[in-house]
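Structure first, then comments.
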Amino acid sequence: MLLLILLIISTSCLSVSALGCSSGLHSSAHIIIYSDAFEYLSNLDDFQTIRKLVEAFNSSSNEVKIELYSYDAKKLGDYIRKNKALGSAAYSVTEVYIITYINSMIWQPPATTERKSHILILLLRHSYPHIFMKPKIHKLKRAGFQIFTLVYGALREYELEEVATYPAEWHSYSRMNFKSSDSAAEALVRSACRNIEAKERVAKKQLLSEVHLVGGNGPCQGRVELFYNQTWGTLTDEHWDRQAADVICRQLKCGPSVEAQKGDTFGAGVGHVLEKVDCTGDESDISECLLGAWTGRDDVRSVHSAGVTCLSSGVSGVRLVDGSGRCNGTVEVSVDNVWRRLSLWNFDLREGAVICREMSCGPLVKVQEVYSTSGTQAVERSRCFGSESKFSECRIGLWKADTQLPDVHAAVVCSETAISKVSVAGESGKCSGKVKIFSDELWSTVCAAEWSAAEEAVLCKQQGCGPALELVEVKKVTLSRSATPHTNFRNVHCSGSETHLSQCSTVLSRGYNCYSGEAVVSCSPTGVSEVRLVDGPHSCSGRVEVWYKKRWGTVCDQNWDLSDAEVVCRQVGCGPAVQAPGGAHFGPGNGDIWLEKVFCNGMETELSHCGAMMSKKNLCVHSQDASVICEEKEQV
């Protein structure tokens, strides 16, 4: 008997602040939950997990649909009705195997004017069949789904690394690591909330716009004070930890945290209090964390203020030592002018690939372990997303989550030969087809598992084509007995602003079994031409609109930043960019949203020279239209 549960919810985070989402923030999502966890009617107590998820993301205005798939539909249905296992939630039971169902999923962006997040949660009893889902999972990720897994047995991350969204630490869980169904559900809710709120980044930054430290010895030490909703106040120390401390240090352009201090270490605060921040430690701004309520000081259980001590500077250099050449050795980074090794426990392929890129070497070949002498100074946490050009852009922490772990540090072996050529093999010319890379005298395809819009944008630009084309519809996938593709390039990670794939971080793994299939690219043959600013207070500020296919359209604020704005300001003949507001700052446009993502480095003369992605089925809506505010050019 195999059970599959489908739960579709449209939800608002206003209703779930107690379980995890930020207080007072309106955001919405479509959430799908699959489960094969109740095979042979086992794990029945964990219906509580699903009930908690339903409770967390449910409201009177939401549609909740539960479908149960089982080989013994009657027996399962009888159990649910008799024990009210799903409360009052509506459900139906039928018989479909989970792999077949997922590969049969059909999805396209809903017609809506509201920003929606798309969340897929997999509650899994086994992990063995998931290789058959990986091609479809990859398509769902490309369509914008964030994917979470909760496994009821021991978690073997290597089997799920191409299923859950990166990083696995915040997307892939084992039920064995939780004391109860409630705690497992709460972890899933918090993780889902973080992803849902990512689409509300602009609104959250407007709400919590500034942070500074007061009462310490300089700008990198002191009591945390926040400018929230146009009012200064403090942060309670009740939920204060090193993850949040690292985020604040990073936001203030200091080094990583040395200590997260409690109990009014730097004096008592006055005014309003933010009840909590819940951070992973990977955020670049405290507003990206889950936020508690902003209340009067008399209404908070703990009125003690949080404080932090940060190092005065972060990573300023990288070197490889004790190796046989310039492209291999133990990794050391200079943090606040002290050389430290990197703990292997939080170091993986992405971190290694960034190191190889910064050292001007070729692709990462392997990561190795080095046992250091006791007392060796180390960076205990490191997190790169692979697209960073330097390790200083990655997230680091000096604290050790598990003090029982031995001191094992990271070494890398990088190829000394960079990517020399790239081709696109297809019937329609250089702008569409299978991606092939030439390195070490061999042509090889690229695994699709981590292939994304940023890599396609770079390749399209390199090929002299227009923006990358993203088809976000998810169609039925037919299971095939054809051989699993073997590739030499496991991962390619670009920021999108590079001019050539050789400038990106890459991982070389000869003969790698790529269950997700081989990477392909589809580029528009032509790009946007003209750019104009609309509905601003003067000619150098306004909503960005671009000319394509003989009509004007807007640009989505996904990835929109000051580098993109700088290019627009230059192209329209204005002074430097001052701000790059999103969220339809100068009002929403209408008609087409031509560009969903733009990847500029800020030095281009025209927007058409930047990497970009456009979609045949928009994931963006006009409330996400991008704008610029440029300095007005002085009249001569």
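The values are calculated or read from the model by the stated rules, or taken from the named source; none is laboratory data. Only a predicted model underlies this, so the values are computations on that prediction, with no experimental measurement involved. FYI the Cβ positions are ideal-geometry reconstructions off the backbone, even for glycines, and counts take in every protein chain you see. Ligands, DNA and RNA are excluded from the accessible area calculation, which covers all protein heavy atoms including side chains. Shrake-Rupley method; radii C 1.70, N 1.55, O 1.52, S 1.80 Å.
Whether any residue in segment 40-54 is modelled with pLDDT under 80, in contact with an Asp or Glu (Cβ under 9 Å, 6 or more places away or on another chain) and charged (D, E, K, R) is what I want to check. No, the conditions are met nowhere in segment 40-54. Within segment 537-548, residues that are in contact (Cβ under 8 Å) with a residue 12 or more places away in the chain and on the phi > 0 side of the Ramachandran plot reach partners that are among the acidic types (Asp, Glu) and open to solvent by 10 Å² or more (accessible area, probe 1.4 Å) with beta carbons closer than 8 Å, at six or more positions or on different chains, in the pairs Gly542/Asp535. Examine segment 207-228 for a residue that is without any contact (Cβ under 8 Å) to a residue 24 or more places away in the chain and open to solvent by 40 Å² or more (accessible area, probe 1.4 Å), and state whether such a residue exists. Yes.
Does Cys574 fit the bill of being buried (at least 22 other Cβ atoms within 10 Å of the Cβ), among the hydrophobic types (A, V, I, L, M, F, W, C), outside any strand (DSSP E or B) and modelled with pLDDT of 95 or more? Before the answer, list the steps.
Working: buried (at least 22 other Cβ atoms within 10 Å of the Cβ): no; among the hydrophobic types (A, V, I, L, M, F, W, C): yes; outside any strand (DSSP E or B): yes; modelled with pLDDT of 95 or more: yes.
Against the criterion (buried (at least 22 other Cβ atoms within 10 Å of the Cβ), among the hydrophobic types (A, V, I, L, M, F, W, C), outside any strand (DSSP E or B) and modelled with pLDDT of 95 or more), Cys574 does not qualify.
Checked against (1) within 16 Å of Asn559 (Cα to Cα); (2) open to solvent by less than 10 Å² (accessible area, probe 1.4 Å); (3) modelled with pLDDT of 95 or more, Glu596 meets all criteria but (3). The residue pairs whose first member lies in segment 566-595 and is more than 28 Å from Leu469 (Cβ to Cβ), whose second member is of a type in the set (Lys, Arg) and assigned to a loop (DSSP other than H, G, I, E, B), and whose beta carbons are closer than 6 Å, counting only pairs six or more residues apart or on different chains, are Cys574/Lys633; Gly575/Lys633.
Condition check ((1) over 15 Å from Leu364 (Cα atoms); (2) open to solvent by 20 Å² or more (accessible area, probe 1.4 Å); (3) outside any strand (DSSP E or B); (4) of a type in the set (Lys, Arg)) across all residues:
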residue: Glu416; (1), (2), (3), (4): no, yes, yes, no
residue: Ile419; (1), (2), (3), (4): no, no, yes, no
residue: Ser423; (1), (2), (3), (4): yes, yes, no, no
residue: Val435; (1), (2), (3), (4): yes, no, no, no
residue: Trp451; (1), (2), (3), (4): yes, no, yes, no
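The set of residues from segment 292-331 being touching a residue at least 60 places away in the same chain (Cβ under 8 Å), over 20 Å from Lys262 (Cβ atoms) and part of a loop (DSSP other than H, G, I, E, B) comprises Ser312, Gly314, Arg326, Cys327. The one condition from (1) touching an Asp or Glu at 6+ places or on another chain (Cβ under 7 Å); (2) open to solvent by 50 Å² or more (accessible area, probe 1.4 Å) that Ser257 does not meet is (2).
For segment 556-565, what are the residues that are touching a helix residue (DSSP H, G or I) at 6+ places or on another chain (Cβ under 8 Å) and either buried (at least 23 other Cβ atoms within 10 Å of the Cβ) or without any contact (Cβ under 8 Å) to a residue 12 or more places away in the chain (or both)? Before the answer, list the steps.
We begin by selecting, within segment 556-565, every residue touching a helix residue (DSSP H, G or I) at 6+ places or on another chain (Cβ under 8 Å); these are 556-558, 564.
Within segment 556-565, Cys556, Asp557, Asp564 meet the criteria.
Just give me the residues in segment 178-192 being open to solvent by 50 Å² or more (accessible area, probe 1.4 Å), at pLDDT below 90 and part of a helix (DSSP H, G or I), in sequence order. Don't jump to the end; show me each part of the working.
The first filter runs over segment 178-192 and keeps only residues open to solvent by 50 Å² or more (accessible area, probe 1.4 Å), leaving 179, 182, 186, 190.
If we keep only those that are at pLDDT below 90 too, we end up with 179, 182.
The one that is open to solvent by 50 Å² or more (accessible area, probe 1.4 Å), at pLDDT below 90 and part of a helix (DSSP H, G or I): Asp182.
When restricted to residues that are within 10 Å of Phe347 (Cβ to Cβ), in contact with an Asp or Glu (Cβ under 7 Å, 6 or more places away or on another chain) and surrounded by fewer than 20 Cβ atoms within 10 Å (Cβ to Cβ), segment 368-382 contains 0. Contact annotation: residue pairs with Cβ atoms under 6 Å, 6 or more positions apart or on different chains, pairing a residue in segment 36-63 that is on the phi > 0 side of the Ramachandran plot with a partner that is modelled with pLDDT of 75 or more and not in a helix (DSSP H, G or I), are Asn43/Tyr152.
Of the residues making up segment 566-595, those that are touching a strand residue (DSSP E or B) at 6+ places or on another chain (Cβ under 9 Å) and within 16 Å of Ser529 (Cα to Cα) are Val567, Val568, Cys569, Arg570, Gln571, Val572, Asp592, Ile593, Trp594, Leu595.
Yes or no: Cys356 within 24 Å of Gln503 (Cβ to Cβ), buried (at least 16 other Cβ atoms within 10 Å of the Cβ) and out of contact with any Gly (no Cβ under 9 Å at 6 or more places or on another chain)? Considered against the rule, which asks whether it is within 24 Å of Gln503 (Cβ to Cβ), buried (at least 16 other Cβ atoms within 10 Å of the Cβ) and out of contact with any Gly (no Cβ under 9 Å at 6 or more places or on another chain), Cys356 comes out as no.
A single member of Val315, Val331 is over 30 Å from Thr231 (Cβ atoms) and buried (at least 22 other Cβ atoms within 10 Å of the Cβ), and it is Val331. For segment 137-160, indicate whether the set of residues that are open to solvent by less than 10 Å² (accessible area, probe 1.4 Å), over 29 Å from Lys616 (Cα atoms), outside any helix (DSSP H, G or I) and at pLDDT 85 or above is non-empty. Within segment 137-160, one or more residues are open to solvent by less than 10 Å² (accessible area, probe 1.4 Å), over 29 Å from Lys616 (Cα atoms), outside any helix (DSSP H, G or I) and at pLDDT 85 or above.
Counting only residues that are farther than 21 Å from Thr330 by Cβ and not aromatic (Phe, Trp, Tyr), which one in segment 396-411 is surrounded by the most Cβ atoms within 10 Å (Cβ to Cβ)? Break it down into steps so the answer makes sense when it comes.
In the first step, residues of segment 396-411 are kept if they are farther than 21 Å from Thr330 by Cβ; the result is 399, 401-404.
Restricting the remaining residues to those that are not aromatic (Phe, Trp, Tyr) gives 401-404.
Working: Ala401: 14, Asp402: 7, Thr403: 7, Gln404: 5.
Residue satisfying both the conditions and the ranking: Ala401.
Taking segment 97-134 as the range and being in a strand (DSSP E or B), modelled with pLDDT of 75 or more and in contact with an Asp or Glu (Cβ under 8 Å, 6 or more places away or on another chain) as the test, the residues that pass are Leu123, Leu124.
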